[in-house]
Each structure stands twice: as structure tokens, then as C-alpha cells.
1. Along each of its three principal axes, how wide is the spread of alpha-carbon positions in the range 182-225, in whole angstrom units, largest first?
2. Once the whole set of protein chains is in place, how much accessible area is left on Phe276, using a 1.4 Å probe, in Å² to the nearest 10?
3. Quote the Stokes-Einstein diffusion coefficient, in whole µm² s⁻¹, for the range 5-100, based on the Kirkwood radius over alpha carbon pairs, a temperature of 20 °C and a viscosity of 1.002 mPa s.
4. Please find, in a Gaussian network model of the chain (springs between Cα atoms separated by less than 10 Å), the residue of Met79, Met93, Met177 whose mean-square fluctuation is greatest.
5. Once the Cα atoms of helix 261-272 and of the chain are each reduced to a long axis, what angle between those two axes, in degrees from 0 to 90 to the nearest 10, is obtained?
6. Using a 1.4 Å probe and counting only protein heavy atoms, arrange Tyr67, Tyr172, Tyr140 so the residue with the most accessible area comes first.
7. Compute, for Asp55, the solvent-accessible surface of its heavy atoms (probe 1.4 Å) with the complete set of protein chains present, and express it in square angstrom to the nearest 10.
8. List the pair-distance distribution P(r) of the range 50-162, using every Cα-Cα distance, as the percent of pairs falling in each 5 Å bin from 0 up to the bin containing the longest distance, rounded to whole percents.
Amino acid sequence: MANNKMLVDERQRNLGNFIVGRLLPFREKRQVGPFTFIDHMGPAQLGPGNYFDVDQHPHIGLSTLTYLFEGAIEHRDSMGSVQVVQPGDVGFMTAGKGVAHTERTPSAFRDGTSHIIHGYQIWVALPKELEEMEPRFNFYPASSLPKWKENNCEVVLVAGEAFGQKSPLVGYSPLFMVDIKATEDTHLDLGKKIKGEVAFVIVRGGIDLEGERVEQGQMLVSKTRDHCTMEIKKGTRLLIFGGEPLPEERFLLWNFVSSDRERLKEARQLWQEGKFPRVPDDQTYIPFP
């Protein structure tokens, strides 16, 4: 592996009744641009007795980004937001000074049949001056995201700016997230189409990137800015994400992200004492581990 690249395999994590593949953070790299956490959900079969149910839990200092390929997740939060996120949609919750939320299989999918859940859940750290902003929830339906064809690829700009396009989900610092599907064997030169640090997550298939082979379930982080050339096989699907690194170090404690370690301890105490805002009509509670 060249010293300007890092290859990472998914690491399994158990979320109770659901296994995810964690890609970020890892020991040698805590962030890629402002992206500080990425979990790969599925593909997994859900059905009676085995639904996607994440009880009420808190966040500070970050935005959560939910992006699905299959299935659906119902988001509810302490601001009163209720939204079902389906394939191609983006749910974007900004925690700021503090929010609690739940994520569950919607009632329409609890009909006794089985279905597949597959997608990614991502955290994006907020700039220091916005870490204590008021929380908010934004929803971007699939129809609102820029889509186009390029070099035998179907491209969706999920967030930020890339390829000369701009997503309605801009974010709070320079970033990008791009979904690419190859309809034929092809060559793609990113050149100056992206700016900042970049990571390639292989959802299906594989790519050859400047002498490195990256397979399904792996992530390649490149330290070389503005210069990435890859060969993609037909049927491959990948996510490209990254952006400009935040100037200050970020610290993580459970579901909290902050540039201040003391703020993390304060958030933990507030959650343990039941002083966080709560999701309306929901009595569930995930204790601090």
C-alpha cells in the first residue's frame, strides 16, 4: 500500500438485534474531511421479531446523515420531526447543542413479511463555531438530488459540491458525498472534480485506483488531493466522500462529538440525569455504556 493511501476493512459491530460494518473512525484515521463516523447497514433481511429498532439516544456537535439503497427507516426526534427515509432519500439531522432521536422500521413494513435493509449511517462533525447551534432536521427526497451520467456511470450528488454540481444538502463546511454506479466497464478521472481529503467506499464490486485494488466492504482513504484515477467494473457501486478537514481536533465519546473534551463529559452527565430533550411520546432510553 502506497504511503499516501490507507485501506480499511469493515469491522463488525453489534447494535443489539442488528450487525453493522464500521468503516470510520479507525486507529490511523479519525476523520476524512469533516466526516467522523460511517456505518454500513446490511444488506440484511428483516421481518417478524427482527426489525431495525434503535431506541432513544442523544447527540451533540454533529449532523447525522442517513442514506438507503433498500428498505426504510422512520426517524423521530426531540424537535418533533417524524420522517420515513426511503431509498435515495437523505435524512440530515443536525444535533448542535443537543438532540435525542429514535430510528425504527416503519409500521408499513411491520406487516408480517420480510424485507431488506441496506444503507449507510454517517456522522459529519460541525465547525467549532456551530457546535452549539440550535438542532434542526432536514429531509431531501431522492427527486431533489442532482443526477447525471458520466463515462458509463450513473452519478448522484448526495451532499455538498463535486463534479461542478451542488446538492441542496450543502452541509456546514466544504464537503462532498457522491453515489456512483457503473453501467459498463469504465475509466473515471476525478481530476479537479472533488476537493479535499477523499475516501472511496465500495458498496458492490470493486475498483482499481492508481495501482490499488479496493473490493466490496472496504474503504480506501487517499491523502492525495484533487488527483484520483480509477478503473471501475460494470455493476460496481461506490460512495465517494470527503472534503476539507476541520482545523481543530475532534473528540468522540459514545454518540457525542466535540472539539472540547469537557463538553463531552457534560453531555454524558446530562443524558444520565435525564436532562436532554426527549422524543415526544417515547419512553425508551439507551443508557450511557
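The values are calculated or read from the model by the stated rules, or taken from the named source; none is laboratory data. Values in this document were obtained by computation on a predicted structure and should not be read as measured data. What goes into the accessible areas is simple: the full protein's heavy atoms, side chains included, and nothing from ligands, DNA or RNA. Shrake-Rupley method; radii C 1.70, N 1.55, O 1.52, S 1.80 Å.
1. 25, 21, 18
2. Counting only protein heavy atoms, the figure is 20 Å².
3. For these conditions, the coefficient is 143 µm²/s.
4. Met79
5. 50 degrees
6. Numbers: Tyr67 5, Tyr172 70, Tyr140 35 Å².
I get Tyr172, Tyr140, Tyr67, largest accessible area first.
7. Its heavy atoms expose roughly 50 Å² to the probe.
8. Once binned at 5 Å, the Cα pair distances of the range 50-162 give 2, 11, 20, 21, 18, 13, 8, 5, 1, 0.
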